[in-house]
Amino acid sequence: MKDKLFTVKVSDNADDEYWHNQAVYRKLNKYEKWFEKTNFKRDTDYIFSQQYADSCTYLSLDVYVDIKCDELKMLYKLRWK
């Protein structure tokens, strides 16, 4: 199950990548804390990923979580959906 967590509007300048990562980290922090409390293993039971998307007005960075474990999927849906 790959689920979109959030989108961050970003510039198309490669020099701003540090700031893009900072913006993602700030928003991702609450999800990371919650996933750590579940005692499931990152990169085994769930994986965070990022993907740039180009719309007609701006460039965005979409952040996803891919959950591999059925128990964690249910907990995630109960908490975040």
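Throughout, read-outs are computed from the coordinates displayed, never taken from laboratory work. Treat the numbers as computed from the prediction; the structure is a model and nothing was measured. Cβ placement follows ideal geometry from the backbone for every residue including glycine, while neighbour counts extend to all protein chains displayed.
One table, with the values for the structure above:
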| quantity | calculated |
| --- | --- |
| Cα-centre dipole for the chain with unit charges at Cβ (Lys and Arg positive, Asp and Glu negative), debye to 20 | 600 |
| Over segment 1-80, relative contact order from alpha-carbon pairs under 8 Å, at least 6 apart, % | 44 |
| Crossing angle, helix 70-80 versus the chain [Cα axis fit, 0-90 degrees, rounded to tens] | 60 |
| Lysine pairs within segment 2-69, Cα separation less than 15 Å, 8 or more sequence positions apart or different chains | 7 |
| Degrees separating the helix 17-37 axis from the principal Cα axis of the chain, which is the longest one | 10 |
| Square roots of five times the Cα gyration tensor eigenvalues for the chain, Å | 26, 13, 10 |
| Per-residue [θ]222 nm for the chain (sum of -39500 (n - 2.57) over DSSP H runs n ≥ 4, rounded to 500) | -13000 deg cm²/dmol |
